[in-house]
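The values are calculated or read from the model by the stated rules, or taken from the named source; none is laboratory data. Please read all numbers here as calculations on a predicted model, not as lab measurements. Note: ideal-geometry Cβ built from the backbone for every residue, glycine included; neighbour counts use all protein chains shown. Just the protein is used for accessible areas: all its heavy atoms, side chains included, with ligands, DNA and RNA removed. Shrake-Rupley method; radii C 1.70, N 1.55, O 1.52, S 1.80 Å.
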Amino acid sequence: QEAKTEEAPAAPVDEKIVIGFSQIGAESGWRTAETESIKKTCEEDPMIELKFSDAQQKQENQIKAIRTFIAQGVDAIALAPVVESGWETVFTEAKDAGIPIILLDRMAAVDESLYTTFIGSDFIEEGRRAAQYVIDTFGPDAEVNIVELQGTVGASAATDRQKGFADAIKDYSGYKIIKSQSGDFTRAKGKEVMEAFLKSDGDKIDVLYAHNDDMALGAVQAIEEYGLQPGKDIIIVGVDGVKDAFQAIADGKYNCTVECNPNLGPQLVQAVKDLKAGKTLEKWIKSDEDVYFGQKAIDALPTRTY
Ligand code: GYE
């Protein structure tokens with residue numbers, strides 16, 4: 001008697017790939033653009049379901065969100081870590097649950113085995129590029145007093161933008177950072193700290209270097225209110241490449257923005273699909289970026305997407 005062949009099991013219903021994303025908050029134009037890019041890419045992709053959580057700038061909220069994602073059994077956890085340190089425990093919990101962690105836009109200081117990939121920019125290089133603009137503008141032998149607006153304390157985007165800039169000017173003895181303080185990546189804080197810089201150092205300041213455009217745009221207001229001309233009396237250099245910075249360059253109030261790409265949605269979704277397909281991801285998926293000043297910035301203004 002012939003053995004009965006068993007009926008093949010019904011093919012599994014196509015299940016969506018679920019991504020849990022813990023976002024930092026909405027402190028800058030850059031971050032809003034990143035959130036939009038991720039939401040839009042996931043919404044438009046029938047294979048993806050996004051669970052979005054806003055941490056309102058608090059690491060403890062991000063840790064809670066990650067634990068919720070683990071409990072929900074998502075397929076991948078994407079995280080923009082507000083600060084670099086303090087992630088070992090919760091990343092280990094994700095690893096034990098077999099859920100990959102994808103770092104988005106900022107780094108976490110953990111062992112490489114605790115995350116799958118970092119999708120984002122080279123912040124040290126951005127700092128160097130900002131410094132190079134200043135050196136090209138004033139020349140290597142000039143005396144240049146620089147004030148610096150740092151991003152969020154402990155964030156990789158702040159630490160590395162500071163480092164890259166400092167490294168690049170260290171061989172030019174006339175270049176000095178006379179004040180450096182955090183403006184927390186926000187416009188309001190950037191303005192407030194710049195007001196204090198102006199109060200103490202007023203007419204000595206040649207350059208403002210800000211770790212993002214929002215803080216620099218806040219500083220532009222402070223400089224105008226102080227009675228100086230931003231972009232002329234004080235050279236303004238920011239990072240991100242948000243549209244408002246391009247507009248300010250066109251208005252003659254701003255000098256240079258070092259681009260940092262927030263449109264990371266497509267790369268995130270691709271990375272998650274690749275993981276699902278069993279592929280090994282590169283440890284660092286880098287963005288291609290440029291530096292904008294002068295006519296090049298004015299020409300690019302109409303095509304800026306964020
Ligand atoms: O430059 C800044 C934002 O992490 C790269 O965070 C990001 C930075 C960005 O708030 O504007």
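One table, with the values for the structure above:
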read-out	value
Positive dipole terminus of the stretch 44-119, leading residue within Leu114, Ile102, Ser53 (C-beta point charges)	Ser53
Gain upon complete extension [Asn263, Ser287; 0.36 nm per residue less C-alpha separation]	7.7 nm
Equivalent ellipsoid semi-axes, the stretch 42-201, via Cα gyration tensor eigenvalues times 5, rooted, Å	37, 17, 14
Extension gain, Thr68 back to Glu143 (0.36 nm per residue minus Cα-Cα distance, nm)	21.7 nm
Directionally averaged shadow of the chain, computed from the convex hull of its alpha-carbon atoms, nm²	18.9
Leading residue at positive end of dipole, the stretch 142-235 (Cβ point charges), from Thr186, Gly154, Ala142	Gly154
Virtual spin-label span in nm between Lys279 and Lys58, 7 Å along Cα→Cβ	3.9
The stretch 202-306: Cα Rg divided by the 2.2 N^0.38 Å rule of thumb	1.36
Qualifying aspartates and glutamates (Cα of each under 20 Å from Cα of Lys16; at least 8 residues distant if same chain)	Glu43, Glu44, Asp45, Glu49, Asp75, Asp274
At least 15 Å along the helix axis (C-alpha) and Kyte average at least -0.5, DSSP helices within the chain	59-72, 123-138, 156-169, 213-226, 265-276
Cut-off 18 Å (backbone N to label point 7 Å along Cα→Cβ of Glu125), residues of the stretch 290-306	290-293
Computed magnitude of the charge dipole of the stretch 70-127 (debye, nearest 20; Cβ of K, R +1, Cβ of D, E -1)	200
Lys, Arg +1 and Asp, Glu -1 on Cβ, resulting dipole of the stretch 50-99 about Cα centre, debye, nearest 20	140
Å² per residue, accessible surface of the chain at 1.4 Å	47
Computed lengthening from Lys16 to Lys204, 0.36 nm per intervening residue step minus Cα-Cα distance	61.9 nm
Of Lys39/Lys273; Lys232/Lys253; Lys58/Lys163, pairs whose Cα-Cα distance is over 19 Å	Lys58/Lys163
Where a label projected 7 Å from the Cα of Ser85 along Cα→Cβ would reach, residues of the stretch 23-48 with amide N under 14 Å	none
Net charge of neighbours whose Cβ lies under 10 Å from the Cβ of Phe118, counting Lys and Arg as +1 and Asp and Glu as -1	0
